[in-house]
Protein chains: 4
Amino acid sequence: MSGKSAHAGGGFGTTRIEALADGIFAVAMTLLVLDVKLPNGEHFGTSGALLDRLLSLEHTFVIYFISFVVLGMFWVGHHAHFHYIRYVDHTLLWINLLFLFGITSVPFATDLLGDHNGIRLPYFYYGGKLLVLAALLIAQIAYLRRHPELALPSLTADVARRIVARTAVFATIPLLSMAAVFYNTRLALYLYLLLPVVHFLPGRVDMLDPDNAAADENVAPK
Amino acid sequence: MSGKSAHAGGGFGTTRIEALADGIFAVAMTLLVLDVKLPNGEHFGTSGALLDRLLSLEHTFVIYFISFVVLGMFWVGHHAHFHYIRYVDHTLLWINLLFLFGITSVPFATDLLGDHNGIRLPYFYYGGKLLVLAALLIAQIAYLRRHPELALPSLTADVARRIVARTAVFATIPLLSMAAVFYNTRLALYLYLLLPVVHFLPGRVDMLDPDNAAADENVAPK
Amino acid sequence: MSGKSAHAGGGFGTTRIEALADGIFAVAMTLLVLDVKLPNGEHFGTSGALLDRLLSLEHTFVIYFISFVVLGMFWVGHHAHFHYIRYVDHTLLWINLLFLFGITSVPFATDLLGDHNGIRLPYFYYGGKLLVLAALLIAQIAYLRRHPELALPSLTADVARRIVARTAVFATIPLLSMAAVFYNTRLALYLYLLLPVVHFLPGRVDMLDPDNAAADENVAPK
Amino acid sequence: MSGKSAHAGGGFGTTRIEALADGIFAVAMTLLVLDVKLPNGEHFGTSGALLDRLLSLEHTFVIYFISFVVLGMFWVGHHAHFHYIRYVDHTLLWINLLFLFGITSVPFATDLLGDHNGIRLPYFYYGGKLLVLAALLIAQIAYLRRHPELALPSLTADVARRIVARTAVFATIPLLSMAAVFYNTRLALYLYLLLPVVHFLPGRVDMLDPDNAAADENVAPK
């Protein structure tokens, strides 16, 4: 009620964007792994032959696992942002639609990498996509800082700086991977396994805000 | 409790229809992009060859991006409507089922356009589908105006008029595209990229109601 | 708190079963329509040729529309039931898992009917599946009547009788269709289009309970 | 507010993890059954021929039904755990992401078993996956016991012991099946049909906590 004047510029609540985002993440994360399939019609007479075939898919399993983790981290990051958002105006709406469009295309980039892991382009496509997604998250924070009427007061300059710093640390992994691809594509792939490691570094250089717990509890106690 | 007599004619709450709608939109929006695939078994020896192949899919990427935006705008429009709905009776239920049926078939229309972009029919099919969906949203508002016991008091004649006007502005884009198809199919496709532009026009001629923020906050604070 | 002793027999709340059900319905309803596809690689040089091809799919469009409506009605029916459920014990949990299993297999039955509409078996398979789903809904109500501690007091003998009567009326359509298949498969298919008609009959012989609106409002105000 | 100091170690609320989990379970459970398909292009002239073909899929139907039940039981188990979780820290977040990754790959294991039911490896792959998923649930409880600030007080040593015991009983079925595969693959498959039976045993040796009902009601009354 009292908030009415505070956002005279328009915008609407965050509940349903979060619901749509959760749905899109859930579908993308599930479909990702569904793409790991033995070609139809391939049949194996012995456990040994099947095992050999499955082991030959090792690369594919790794890339799908990485994409699942990547989507999981972006989901956490998106989640953390919404703890600081009060209303969504047109610009935020479009930033979010673009972000979710990028999320839905992660399976395509994953397939591309799974099917063409010997050449360099898919690594740039994949890494570039992650950088764009990270940039959209940073753009969202920057926009919220310039439009404080859309943010909760808890999004201080300091909190914003920390979120951006974490997202930047996250972004070093695709950058490293894209550099490594000139040296060795296998290394470029396995570098992404650092993502969970980065998540556990002291100082928590990640996309998850520990202060959010309180925000979560107070603002959206549901 | 006191609302009991107000809707003696029947109907039920909106929470779960919104949950179903969010789920259907999330699945449709994710599957849309999943359809962008290189044909199975196509393999490329060099980054250059793969790049050429990806660039040849430009048209397909554009149409999928457009459909994502279209679904996003209908999601926003559907969302905005439900801010004004108190109870859903049989007629509203069927309007919504038809609307959601139309939403689930957007990927089919998108595929058709992606695969047959040189001939005119898919443009009419696609544009016609968007017009039907817009018409269902207008029918819903008209029905709510004739059955005020199902609507919240905030759905005044003025608000209803503005929603219908916005939906009509939205509908001009498919109409323009269907006219342009006689001249040039490429133009007919790219006209849809005006949708986000229209969304930002002064006077906000779009499907998002700035007044909803307050409604959202007060009525469904969740 | 005071409800603790009332359900000493075990069970848990309904929120997340409803969330799972809404998700499963949303995915099943969206995937249903995604199956309407032109065979890959079929390309058409003129709008006329494509139109002919689309018109030849008329039967397929009809059956998918019917399945969407059928799923929509079961979703409404399931929704209505949960207005009367207080706690879910093991038996109710398994009835719901079986029900949802049946829902997820509706697309398979739909495909079968779409691909083999000239022979009788798919009509029995499809009709039989709907009868089993209706029977599970009736079993759920019967179980709730025998275990009043799991139900809300609003599930009176009279309400239960009306729900069962409506489900029985719904079930006459698959029965009629299965009888008609001996005469004409096309008639057997189009009989299902009576479902929305039945939904609007005076006396509302359907699966939607008008009294639920109040229950919705008071018991689960979101 | 007062909870702020209680979780100074970081972490965030559980609402959206549950939403993501419900979404992933819903998609996985629906896609599972969608994989039961007659090969494209196979057409049958008579009901008898089609019936023969469907009956030959008996094994496939059984394994998909089993996987649906398995996913349903893990969904219940995951659900039950979250009744005792107050905040999710990084470790719990990663346990849950790994758990959900395992859930999304159940359809792959199911396909493998459906397509290669005559050899032993798929039974080990399938059974092993269930054991890993059960182990993750046990690890989560163990972690919560060592970090009581993340758990609700209702997670007593006794409750934790009972949850672990139930999960262990659940795990005996895949162990039995993996032992039986040396004797007979059909037996190894049908042993899984004991899962629902175990669920009804006196003493309720299952993954569903009857005490949760109260927790559900008081903590997340929604």
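Just to check, using Stokes-Einstein with a Kirkwood Rh over alpha carbon pairs, what's the diffusion coefficient of the range D:71-137 at 37 °C and 0.692 mPa s in µm²/s? Don't jump to the answer; show the numbers that get you there.
Working: Rh = 13.0 Å.
Translational D for this selection: 252 µm²/s.
Could you pull the copy-to-copy label distances for A:Pro148, with points set 7 Å along Cα to Cβ, in nm to one decimal and sorted shortest first?
4.2, 4.2, 6.0
For the range A:59-207, what is the convex hull volume of its Cα atoms per residue in Å³? Could the numbers behind the result be given before it?
Numbers: hull volume 14.4 nm³, N = 149.
It comes to 96 Å³ per residue, whole-number rounded.
Test of understanding: what is the full-extension gain from A:Tyr183 to A:Ala165, defined as 0.36 nm times their sequence separation minus their Cα-Cα distance? Mind dumping the intermediate values first?
Numbers: separation 18, 0.36 × 18 = 6.48 nm, distance 2.79 nm.
Stretched fully, the A:Tyr183-A:Ala165 segment lengthens by 3.7 nm.
Give me a comma-separated list of calculated 3J(HN,Hα) values for the range B:155-170, in order, Karplus coefficients 6.51, -1.76, 1.60 applied at θ = phi - 60°, integers in Hz, x for any Gly or Pro.
Running phi through 6.51 cos²θ - 1.76 cosθ + 1.60 with θ = phi - 60° gives 7, 7, 4, 5, 4, 4, 4, 5, 4, 4, 4, 4, 4, 5, 4, 3 Hz.
HN-Hα J couplings of the range A:101-118 from phi, Karplus 6.51/-1.76/1.60, θ = phi - 60°, integer Hz, Gly and Pro as x?
4, x, 4, 5, 8, 4, x, 4, 4, 5, 4, 4, 5, x, 8, 10, 7, x
I need the peptides C:47-56, D:135-144 ranked by packing, meaning the mean over residues of other C-beta atoms within 10 angstrom, with the highest value on top. Please list the in-between numbers first.
Details: C:47-56: 13.9, D:135-144: 17.5.
My ranking of the peptides, most packed first, is D:135-144, C:47-56.
Please report how far the C-alpha centroid of the range A:116-159 lies from that of the range B:81-115, rounded to the nearest whole angstrom.
Answer, in whole Å: 32.
Can you pull the mean other chain C-beta count within 10 Å for peptide D:110-117? If you can, show how the numbers build up before the last one.
Working: counts 0, 5, 5, 0, 0, 8, 9, 0.
Mean partner-chain Cβ count within 10 Å for D:110-117: 3.
Counting Lys and Arg as +1 and Asp and Glu as -1, what is the net charge of the other residues whose Cβ lies under 11 Å from the Cβ of D:Phe25?
Working: positive: C:Arg16; negative: D:Glu18, D:Asp22.
Surrounding charge for D:Phe25 is -1.
How high is the relative contact order of the range D:63-131, given as a whole-number percent (alpha carbon pairs under 8 Å, six or more residues apart)?
Details: 22 pairs, mean separation 26.5, N = 69.
In percent, rounded to a whole number, it is 38.
Which distances, in nm and shortest first, link the D:Asp52 label point to the same label point in every other copy, taking 7 Å along Cα→Cβ?
Distances between equivalent label points, in nm: 3.5, 3.5, 5.0.
In whole Hz, what ³J(HN,Hα) sequence does the range B:193-199 give by Karplus (6.51, -1.76, 1.60; θ = phi - 60°), x for Gly and Pro?
Karplus-based 3J(HN,Hα) across the range B:193-199 equals 5, 6, 3, x, 5, 3, 4 Hz.
So what does log10 I(q)/I(0) come out to for the range D:136-201 at q = 0.13, 0.22, 0.25 Å⁻¹, using the Debye formula with one equal point on every Cα and no solvent?
Taken in order of the listed q values, log10 I(q)/I(0) reads -0.49, -0.87, -0.99.
Can you list, shortest first and in nm, the gaps between the label point of B:Leu176 and those of its counterparts in the other copies, using a point 7 Å from Cα in the C-beta direction?
4.8, 4.8, 6.8
Can you give me the convex hull volume of the Cα atoms of the range B:33-121, divided per residue and expressed in Å³?
Numbers: hull volume 10.7 nm³, N = 89.
With only Cα atoms used, the range B:33-121 gives 120 Å³ per residue.
Using a simple spin-label model with points 7 Å from Cα along the Cα→Cβ vector, what separation in nm is obtained for C:Thr46 and D:Thr172?
7.3
Computed from the coordinates by the stated procedures, all read-outs in this text should not be read as laboratory data. Treat the numbers as computed from the prediction; the structure is a model and nothing was measured. In this analysis, Cβ positions are derived from the backbone assuming ideal geometry, glycine residues included, and neighbour counts consider all displayed protein chains.
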